[in-house]
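*Asks:* One structure, as structure tokens, below. Some questions next.
The values are calculated or read from the model by the stated rules, or taken from the named source; none is laboratory data. This one's a predicted model, so the numbers in the text were calculated from it and none came from an experiment. Don't worry about glycine lacking a Cβ; one is built from the backbone with ideal geometry, like all the others, and counts go over all protein chains shown. Accessible surface is based on the protein model in full, side chains and every heavy atom, while ligands, DNA and RNA are left aside. Shrake-Rupley method; radii C 1.70, N 1.55, O 1.52, S 1.80 Å.
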2 protein chains.
Amino acid sequence: MVDKLDLKVVEQLMERARTTWAELGLILGLSAPAAAERVHKLEERGIIRGYCAIVDPEAIGYGLAAYIAVYLEKPEHRQGFLEFVQNTREVQECHHIAGDEDYMLKVRCKGTRDLERIVSEKIKSIPGVAKTRTTVILSTEKETPILPIERVEEIK
Amino acid sequence: MVDKLDLKVVEQLMERARTTWAELGLILGLSAPAAAERVHKLEERGIIRGYCAIVDPEAIGYGLAAYIAVYLEKPEHRQGFLEFVQNTREVQECHHIAGDEDYMLKVRCKGTRDLERIVSEKIKSIPGVAKTRTTVILSTEKETPILPIERVEEIK
DNA sequence: ACTGAAAACTGCAGGCC
DNA sequence: GGCCTGCAGTTTTCAGT
């Protein structure tokens, strides 16, 4: 599995992916090639899936976010619903959840008009979608792709 | 504001941040220095906030995710609650929401034990938290930091 | 995992449109 | 203002140890 040094690598890259190997190595107590090798190994093993830029949603015109809980009538309708999820860029997340509803979507769109279009026209027209419950996000206090790794201070 | 070329820059960097300027320039139809300049301008303007690695949560031992809806009794308790949110690595997201509840948290933790500890010991001990509602995520169909930019195919 | 050299990339300057 | 080319300095990669 991943060792302590790997966790520290991951921690660093989750905060700033565009760092130099030399700089990363300095933090890890390794030389630049050694730091690069550890990262490449983590990429190959699929532990680091990729890298992304964190973008201000409002700046690109997607200022409205919402959660949409979806109730599916029967299991045979899952396929079509999941295809919609994968093919719709506005759907940022889709989780199968425990509880009253079946799926929880997080969508990001241009405004209330756009949200209405997605909920009423797109989601509700999918066969098997019996009911939806939309919760609009008013403001965001925290939103980080950073996973909750405990700080790795010292490496023995 | 951002033009079409900026959107294409952002789109590319949301998918793979660790790209070379030359490669990015090729996609954009620009030279490497020009591509770099556009990115730096977007960073300065705060449209690109930073970069991060996308990490497999299970590989680093955080296999359980859950939504926690929080009801706050009075507005004066907000401060303390928001401090908890900012200082807790397990809290990945916190949104102020419209609807019955006040806040929606997304947390990621090691297991049910860990979740119990966060909900029962940490969140419910915050002054003003009247009630919480936890929804466990069973599986994740889609989870992307990629914002829903429409594909920019052609630049006039 | 480190060192050292070749190859590749970045950043800066000057000039063009 | 935004873009391109060329060069100097840095970073990455690939050996060998």
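*Asks:* Average partner chain C-beta neighbours within 10 Å, per residue of B:118-125?
*Replies:* Taking the mean over all residues of the peptide, I get 0.
*Asks:* Is there a pair in B:Lys106/B:Lys131; A:Lys110/B:Lys131; A:Lys74/A:Lys131 whose C-alpha atoms are over 21 Å apart, and which pairs would that be?
*Replies:* Too far apart for the 21 Å limit: A:Lys110/B:Lys131.
*Asks:* Moving on. With a probe of 1.4 Å, find how much accessible area region A:39-156 has per residue, and write the answer as a whole number in Å².
*Replies:* 50
*Asks:* Then there is this: At a probe radius of 1.4 Å, figure out the A/B buried accessible area, summed over both chains, and give it in Å² to the nearest 100.
*Replies:* Looking at A and B, the buried total is near 6400 Å².
*Asks:* Mind pulling the per residue volume of the convex hull built on the Cα atoms of region A:4-52? Å³ is fine.
*Replies:* About 62 Å³ per residue, rounded to a whole number.
*Asks:* While we're here: How far is it, in nm, from the label point at A:Thr112 to the one at A:Arg16 when both lie 7 Å from their Cα along the line to the Cβ?
*Replies:* Output for this residue pair reads 4.2 nm.
*Asks:* Which whole number gives the average, over all residues in A:131-143, of C-beta atoms from other chains lying within 10 Å of the residue C-beta? Don't jump to the answer; show the numbers that get you there.
*Replies:* Working: counts 0, 0, 1, 2, 8, 4, 6, 7, 4, 5, 12, 11, 6.
For peptide A:131-143, the averaged partner shielding equals 5.
*Asks:* Once region B:58-137 is represented by equal point scatterers at the alpha-carbon sites, with solvent omitted, what log10 I(q)/I(0) does the Debye formula produce at q = 0.25 Å⁻¹?
*Replies:* With no solvent term, the Cα-only Debye profile gives -1.28.
*Asks:* So, with +1 on the Cβ of K and R and -1 on the Cβ of D and E, and no other charges, what is the size of the charge dipole of region B:65-151 about its Cα centre, to the nearest 20 debye?
*Replies:* Roughly 240 debye for region B:65-151.
*Asks:* Students often get this wrong: which residues of region B:96-140 have the backbone nitrogen under 14 Å from the point 7 angstrom along Cα-to-C-beta of B:Glu73?
*Replies:* B:124-132
*Asks:* Enter the per residue convex hull volume of the protein assembly as shown, computed from alpha-carbon coordinates, in Å³ rounded to the nearest integer.
*Replies:* 161
*Asks:* Within the accessible area of the protein assembly as shown, what % is carbon and sulfur when the probe is 1.4 Å and the other protein chains stay in place? All intermediate terms of the calculation are to be shown ahead of the outcome.
*Replies:* Numbers: 7610 of 15420 Å².
Solvent-exposed carbon and sulfur of the protein assembly as shown make up 49 percent of the total.
*Asks:* I would also like to ask the following. Only helical DSSP H runs with n ≥ 4 go in: add -39500 (n - 2.57) per run for the protein assembly as shown, normalise by residue count and round the 222 nm mean residue ellipticity to 500 deg cm²/dmol.
*Replies:* -9000 deg cm²/dmol
*Asks:* Moving on. Report, as an integer, the average count of C-beta atoms from other chains found within 10 Å of each Cβ along B:106-116.
*Replies:* Per-residue shielding by partner chains comes out at 1.
*Asks:* Alpha carbon centre of region A:75-122 versus region B:125-147: separation in Å?
*Replies:* Here the answer is 17 Å between Cα centres.
*Asks:* Below 8 Å between Cα atoms, with a sequence gap of 6+, how large is the relative contact order for chain B in percent?
*Replies:* 27
*Asks:* Here's a follow-up. Suppose R0 equals 41 Å; then what is the FRET efficiency for A:Lys4 and B:Glu23 from their Cβ-Cβ distance, rounded to the nearest 0.05?
*Replies:* The pair A:Lys4/B:Glu23 has a calculated efficiency of 0.75.
*Asks:* Quick one: if the Förster radius is 30 Å, what FRET efficiency do B:Ser139 and A:Ile126 give, using the C-beta to C-beta distance and rounding to 0.05?
*Replies:* Between B:Ser139 and A:Ile126 the formula returns 0.95.
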